[in-house]
Amino acid sequence: MEEIKLLQEELDNLKNIQTTQLNIASELGKIEYNIQLLELQKEKIVEGLENLKKEEEEMGAKLSQKYGNGSIDIDQGTFTKTG
């Protein structure tokens with residue numbers, strides 16, 4: 001087999017390509033890591049929203065039991081009974 005020595009310019013280009021590929025892979029890894037962190041944060045927020053919805057439903061049931069059917073004006077702090 002004949003061995004041929006590459007030109008320095010060719011070696012430099014190959015090394016630059018390899019370095020760029022490694023940098024891209026590293027950046028993609030960072031992005032994926034951040035995506036996973038955001039997914040965890042999203043799960044916590046969704047869980048909080050679900051808990052808040054349950055709390056809202058429980059409060060609505062308590063108020064309906066206490067005052068009957070109607071509507072609440074939170075700004076005025078009043079309850080208006082419906083027929």
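The values are calculated or read from the model by the stated rules, or taken from the named source; none is laboratory data. Being a predicted model, the structure only gives us computed values, none of them experimental. Neighbour counts are summed over all protein chains in view; Cβ atoms, including those assigned to glycine, are modelled from backbone coordinates with ideal geometry. Note: accessible area is taken over every heavy atom of the protein model, side chains too, but ligands, DNA and RNA are not part of it. Shrake-Rupley method; radii C 1.70, N 1.55, O 1.52, S 1.80 Å.
Count of lysine pairs in the chain with Cα atoms under 28 Å apart, counting only pairs 8 or more residues apart in sequence or on different chains?
17
Just going by the charge dipole of region 35-81, with Lys and Arg at +1 and Asp and Glu at -1 on Cβ, which of L37, G70, N51 is farthest out on the positive end?
Working it through, the farthest residue towards the positive pole turns out to be G70.
Starting from the Cα of K81, step 7 Å along the direction of its Cβ; do the same at Y33; then give the gap between the two resulting points in nm.
For the pair K81/Y33, the computed spacing is 6.3 nm.
Which net charge results when you count Lys and Arg as +1 and Asp and Glu as -1 among the other residues whose beta-carbon is under 12 Å from that of L63?
For residues surrounding L63, the net value is 0.
What does the extension gain come out to for T19 and E57, with contour length at 0.36 nm per residue minus their alpha carbon separation?
On the way: separation 38, 0.36 × 38 = 13.68 nm, distance 5.70 nm.
Length gained, T19 through E57: 8.0 nm.
With Cβ to Cβ distances under 14 Å as the rule, what net charge do the other residues near I35 carry (K, R +1; D, E -1)?
Numbers: positive: K30, K42; negative: E27, E32, E39, E43.
Cβ neighbours under 14 Å give a net charge of -2.
For the chain, take every pair of Cα atoms, bin their distances at 5 Å starting from 0, and report each bin as a whole percent.
In whole percents, the pair-distance histogram is 3, 11, 8, 10, 8, 6, 7, 6, 6, 5, 5, 4, 4, 4, 4, 3, 3, 2, 2, 0.
Under 14 Å from the Cβ of L52, count the other residues' Cβ atoms, weight Lys and Arg +1, Asp and Glu -1, and hand me the total.
Value of the local net charge: -3.
Rounded to a whole number, what % of the accessible area of region 23-62 do carbon and sulfur atoms account for, probe 1.4 Å?
On region 23-62, the fraction of accessible area on carbon and sulfur atoms equals 61 percent.
Round to the nearest 0.05 the FRET efficiency obtained for I72 and V46 when R0 = 35 Å and r is the Cβ-Cβ distance.
E(calc), rounded to 0.05, equals 0.85.
Probe of 1.4 angstrom, ligands and nucleic acids ignored: what's the accessible area per residue over the chain, in square angstrom?
Result: 100 Å² of accessible area for each residue.
Give me a comma-separated list of calculated 3J(HN,Hα) values for region 10-24, in order, Karplus coefficients 6.51, -1.76, 1.60 applied at θ = phi - 60°, integers in Hz, x for any Gly or Pro.
Per residue, the Karplus-derived 3J(HN,Hα) values read 5, 4, 4, 4, 5, 5, 5, 4, 4, 5, 5, 4, 5, 5, 5 Hz.
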